[in-house]
Amino acid sequence: MALMPGADVEITAGLVRRLLGAQLPSLAGEPLKLVANGWDNAVYRLGSASAVRLPRREAAAHLLVHEQRWLPGYARRSPVPVPAPVFAGRPAAGYPWHWSVVPWFDGVPATRMPAAERGHAAEELAAFLSAIHVRAPADAPVNPVRGVPLAARSAAVLERLADTSRYPEAGRLRTLWTQALTAPPHAGPPLWFHGDLHPANILFRDARSRPSGLAAVIDFGDLGAGDPAVDLAVAWLMFDDAGRQRFMAACGAARAEWERAKGWALVLATAMLSNSDDNPDMLETGRFGLRQLLGGEPGT
């Protein structure tokens, strides 16, 4: 069984309360509830309006520091709410890393919605990406596994596809990967990207809300500067064919970007499918992405 990475530090409600008590006592008495325990971070809802986000692995600790420094800039550009930190916590109480208090956004994860309904947000999600995909400064972080040349991810993809019991269509997927590697590389300056854009990180407003649409885009731990085609992979991870065509038309990206994006969709879908036997939402997102890749075309 392929499981999510284990935690390097046990994060409990008691630990979170100690951190808040020492550094943000005004919120230390608010109700606290674990709402997410992902690959990199644990998230506790704090009262009705906030959440506490804490790395659970040393490998992810520096990513949260990137969020603290750079996510406020994303928030200023984005037409969709994003969880820019409202408080930057420091190591304390036996916890070795930085942590954040962020806004809480009420919403329905796209993983819980039919693909046909997700397509209603195609243009809104395209507008979000257009707003954040801007030129990054020289000191912007470079993520070694996101927004880099696709060839840098080839060994990992081919290793996953060697598991033919998990990937019965491995031959067709290897052909798709080979095609993606022939796409022209990103030729412009490094652009900001989200880096982990998939249905679990996209929240919709409740269907009864007006206006309907996106409530927020969350989890910017993989943000960085490089090839923004990594974010365009959401075309296959999020949408069915009808929604994908709307999204691609609204983005207006060049064919070479979509060819690289299709490769990135394969990178991300196989990572989910190979490492999420204990996370049903991520597992199904990986399966959905591969179904779309095997049935769709890169477009123009």
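The values are calculated or read from the model by the stated rules, or taken from the named source; none is laboratory data. In this text the structure is predicted, and so the values were computed from the model without any measurement. Here the Cβ positions follow ideal geometry from the backbone for every residue, glycine too, while neighbour counts run over all protein chains shown.
Tabulated results
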quantity: Segment 69-94: number of residues that are more than 16 Å from the chain's Cα centre (by Cα) and aromatic (Phe, Trp, Tyr); calculated: 1
quantity: Flag if VAL65 is assigned to a loop (DSSP other than H, G, I, E, B), under 27 Å from PHE128 (Cβ atoms) and either in the same structural domain as ASN143 (by TED's automatic domain parsing) or modelled with pLDDT of 95 or more (or both); calculated: no
quantity: Segment 74-111: number of residues that are β-branched (Val, Ile, Thr) and surrounded by fewer than 16 Cβ atoms within 10 Å (Cβ to Cβ); calculated: 1
quantity: Qualifying residue in segment 121-132 (condition: farther than 26 Å from PRO31 by Cα and in a loop (DSSP other than H, G, I, E, B)); calculated: no
quantity: Criterion: in contact with a strand residue (DSSP E or B) (Cβ under 9 Å, 6 or more places away or on another chain) and at negative phi - qualifying residue of LEU268, LEU214, LEU293; calculated: LEU214
